[in-house]
1. Please find, among B:318, B:287, the residue that is at pLDDT below 95 and either surrounded by 17 or more Cβ atoms within 10 Å (Cβ to Cβ) or within 14 Å of chain A (Cβ to nearest Cβ) (or both).
2. Answer with yes or no whether residue B:300 is out of contact with any helix residue (DSSP H, G or I) (no Cβ under 8 Å at 6 or more places or on another chain), outside any helix (DSSP H, G or I) and crowded, with 21+ Cβ neighbours inside 10 Å.
3. Of the residues in region B:202-227, how many are surrounded by fewer than 20 Cβ atoms within 10 Å (Cβ to Cβ), part of a loop (DSSP other than H, G, I, E, B) and in contact with a helix residue (DSSP H, G or I) (Cβ under 8 Å, 6 or more places away or on another chain)?
4. Can you tell me which residue within region A:402-416, out of those that are in a helix (DSSP H, G or I) and touching a strand residue (DSSP E or B) at 6+ places or on another chain (Cβ under 9 Å), is farthest from the other protein chains (Cβ to nearest Cβ)?
5. Which residue out of A:320, A:329 is modelled with pLDDT under 95 and buried (at least 21 other Cβ atoms within 10 Å of the Cβ)?
6. For residue B:40, all conditions in the list (1) away from chain A (no Cβ under 14 Å); (2) assigned to a helix (DSSP H, G or I) hold save one; what is the number of the exception?
7. Does residue B:87 qualify as being in a helix (DSSP H, G or I) and in the same structural domain as residue B:175 (by TED's automatic domain parsing)?
8. Take residue B:199 and decide whether it is farther than 30 Å from residue A:125 by Cβ and more than 8 Å from chain A (Cβ to nearest Cβ).
């Protein structure tokens, strides 16, 4: 990193907020996907939109790539630095700027933690719906970049359905507001394409989020089954009956064992379990909960437990939400995978995953959002055993390709990032990808923001739209490839 | 070329009085691709037309060589009731899709007017919506995939067939409301919902704007979850408020009972019977479909008092048979009527825009040519206009897809 660039950045954000020491930089060399690591050139922690814009302009003048970073909890390497880049870490921008309950929105900075939004408005009876499992540590800016989901997005939708507006620093340092508290502003829905664009289209410095009134009642139940087949049948029957659960989560035997080990829950040793929420007006909820329990029993539930109080309910959900980390109790290493299949194929796909894993001598724990077919296979392995890590990675790839074969997706909520860029070509044709590339080139013709992510093949934008031509700097090897 | 011998255009094919030379009606997506590709080679300007229900939204096209009608692209490509998704071609009408879905106890939870004519592609392109948006969101929230024929004839897909999917950019959302300026929407994939077991609508007459606001906030406090709420202005008589609940019978009954305990219901409220319910919601569409001038409004959702007292009186006064419809849980609405004088109506549109609450917008979804000449139908340019132009430039560098129709002359 050129010294004058570091000095200039330090002048913008203050010397204490510009990190250039090797030890400091190493903290930022990966996100939640620990297997990918790249040391950034510089890390800056701006405190305002103006500082972010100035940092972006300075990086551009020095012709350096820029990688924005929230809380660094992402699981696809979306915030993975690229060689020599400037990491723009937004963790200092964590103020709640404005709350307007009557109009149903809140304006926050990107570093605000997801759960803190609901905490801020909870006493007044409101909440922010998207609830990724990492919600106590992940930030709103990262949620916007990844279009984060969560267990309750089955009924309530994803981040994209709850973001009303954003202030964005563009790749050239200009600042633009997209959307706002009022809906349907004239023009293209650029906000719609910004959410989930994984840091490739701009850096969000303020976000207007929709707030919801808390539902009157929530009913939760936990049902056990001899196998994932029975649990899958129960899910299908419940959905087919016209019930729209707030969340319906499945865990298989291994995941249950892990969650028990981590939380001390007294869950039985069974083949599969469902954890389900229904919420809404009281009479509606009592009716649907009763029906769902009946349908679960009819599908072969061994036992149905209902929490006695809010504390017990919270514990059940804690068991579910801690399942990823809990797997560390039963395996030295594991890969968290994220793929989507049509819900009706769950039982079949799980058997196929079992067979694939058995064939290479690995175990897979499954904990996932059953209501929308979003699988999270946790591939267990031991890095100390030669060849296991590679076998686990290959199994992960096989599972993704299987999801695509079934008409699903290579990612339901963790994003493509660095981890899955290579799989994009399994899901999309070159023309499909090229069309997404048009949007990127419109926002960031120099492909300066988060290069190397999402797209499987590098591509420069060129001055004008048209077929790909090698850029002179690319031929000479100076340019990084997008 | 088999794909599409065109027919000569008639006046009925004109878009805001601009008549194309020819009209294509492709029988398949492949034919549509061929038509677009060949027009690209010949540098012809195109516009895409579905049911024509929102054709007056936007400015007249600067150039228009040919219209491509999607009416014959009306197949259901894939319907998986157990996965609650449907893939359908763009020219299918909403009504015929709903009939297909209803046979399996499902629906696409949007309800814009004129469902027997409005096509899926047109609804997406115009971002058309109805009162159920209050609970289920707009087409933007329900579209999960799209296939698009780009200006040069390239077919591209985005999104997928599963509801939960974050692979790649969300182009379906970019196309919502894009008015055919980025490409031809060939097919769309939607998330579906179960048909409710029961529905009930209650009406509360003679409410002031303040009472409407308080009623809505009272419903929210009471944790009621209506699927639609509409305030219909009745001039000196104030607003009629209609509230719809849908769901399982027991839940609907309880919400109806609960709503009746809210302020004012005992004196001025009634529960509509099934026939009256359906008649009310059909009639409410008329405020959006029958007048020569229709304005789409957006503002903070609790701003009905400002709208009624400050932003709209001049505009309503400049219209004969004026109508004002507000969706107070969404912050969206419509003003419509027949301009008594074109100049006065145009001036009133300008005044309304200038006095909207912060962040509010007013778009003329329909207006006589004389009004269009005096005011921009889209209103002031949005802050991101240059970025929108860049997007257009990348997708349609020759500006041949409905040039000039969209915001800021895009």
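The values are calculated or read from the model by the stated rules, or taken from the named source; none is laboratory data. Just so it is clear, the model here is predicted, and its values are computed rather than measured. In this analysis, Cβ positions are derived from the backbone assuming ideal geometry, glycine residues included, and neighbour counts consider all displayed protein chains.
1. B:287
2. yes
3. Result for region B:202-227: 1.
4. Taking the candidates together, the pick is A:402.
5. Result of the check over A:320, A:329: A:320.
6. (1)
7. no
8. No; evaluated as a whole, the condition is false for this residue.
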